[in-house]
Structure formats: C-alpha cells, structure tokens
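Single-structure report; data block below.
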Amino acid sequence: MEENNEKENIGITFINADYFHLIMAECRFCILAKGNDFCYKVYEDKFTFAFMDKVPVNTGHILVIPKQHVPNFEDLNEKSYLHLMMIVKKFSKVIKKITKCEKVGVLIAGFDVKHTHIHIIPMNNIKDVATRRIWEKGWKPACPADLKTISKIISKEINVPSSNVLQEIN
C-alpha cells in the first residue's frame, strides 16, 4: 500500500512558514497607526495615534500610542514622552467629562502588544483598574526596612537623594 503524502483539501489554506513570519512580523499597533487595518480612531497627529480599545474595561477606554515603534515606555526619547503624556492628559479630561466617571485611570503595561501604549480608562470602582494585590492577596503593607533599602537603591541609580525628591518636585 503506497503512502499518500498529499494534504487533503478541507477548506484550509496552508501558507509557507516564511511568508507567515513576514506578515506577522509587523507590530499590530504600527499597522493601525499606518491606517492599514480598521480601528475606531479618535485622534492622530504627526507623533501620536489614539483609538478605542476593542475590549474596554469601561465605555470610553482608549489607547494612545506613539507612531514610532518603541516597545518599552522607558525607552521613549524625552520629546516623544512629553508629547505622549500631554495627549494623555488632554484625553483624560475629555474622557472624564464625557463618561462622567469618578476617576480616570492611566495604565502602561505592554505585555500584550510590544509597542508602547497608554490605556486611558474611565473608572467608577477601584476594581476597574486593579493590581494583583487587589485580586489576590488584598492590601499587605510592605516591610519598612524593604522600603528603605529599595528607595536608597533607586535614588542612588537616578542620582537624587531620597530626602530631596519632594524639594525637586516643588
């Protein structure tokens, strides 16, 4: 009996793995910002793009992204960061006015799409945008010694004595 090496055509199109990698290589948010796929765009300028989250926490949940592909928020250059945050602040005020929410949550995570993006989320409850401590363990205060140690490490790394942080902000 001769083995049949042909795949049965059952309505599935098989594509070359190299081609699949090529078409999937471009970032989902870059595709949206270029206008190459559908989204509910709410704002666009030379540097930023904002659109409705298709799986919102609450009505009015939007995403603001830099058009330039930067996977990690902390790697944005100063000009891009300031512009992006200015847009986020403006949208936060608009979202609060339109949705009449109690608070506006701003979240930067980026685990799902590797492109800097900021969620602007209308909130009426602490659980609308909550950390793991809310869902799993509740409020557990940190050990003061741990807080002291990590604050010194962070302050040293950014070359700002921890006692002077508030003075510099004011």
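The values are calculated or read from the model by the stated rules, or taken from the named source; none is laboratory data. A quick note: this is a predicted structure, and the numbers were derived from the prediction, not measured. Neighbour counts are summed over all protein chains in view; Cβ atoms, including those assigned to glycine, are modelled from backbone coordinates with ideal geometry. Protein only, heavy atoms only, side chains kept; ligands, DNA and RNA dropped before computing areas. Shrake-Rupley method; radii C 1.70, N 1.55, O 1.52, S 1.80 Å.
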Completion exercise
Expressed per residue, the solvent accessible area of the stretch 50-100 in Å² (1.4 Å probe) is about 64 Å²
Problem - Simple spin-label estimate for residue 52 and residue 113 in nanometres, 7 Å along Cα-Cβ - result: 1.5 nm
Problem - Projected label distance in nm at residue 103 and residue 130, using a 7 Å step from Cα toward the beta-carbon - result: 1.2 nm
Completion exercise
In the structure shown, of 103/140; 96/127; 34/93, the pairs separated by more than 22 angstrom at the C-alpha atoms are 103/140; 34/93
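What does the extension gain come out to for residue 36 and residue 93, with contour length at 0.36 nm per residue minus their alpha carbon separation?
Working: separation 57, 0.36 × 57 = 20.52 nm, distance 2.92 nm.
Full-extension gain reported as 17.6 nm.
Which FRET efficiency, nearest 0.05, do residue 26 and residue 158 yield, Cβ-Cβ r, R0 25 Å? Kindly include the intermediate steps, with their values, before the conclusion.
On the way: r = 35 Å, r/R0 = 1.39.
FRET efficiency, residue 26 to residue 158: 0.10.
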Practice task
With label points built 7 Å along Cα→Cβ from the Cα atoms of residue 72 and residue 44, find their separation and express it in nm.
Solution key: 3.0 nm
Handout entry: Debye intensity ratio in log₁₀ form over the Cα atoms of the stretch 71-129, taken at each q of 0.24 Å⁻¹
Key = -0.99
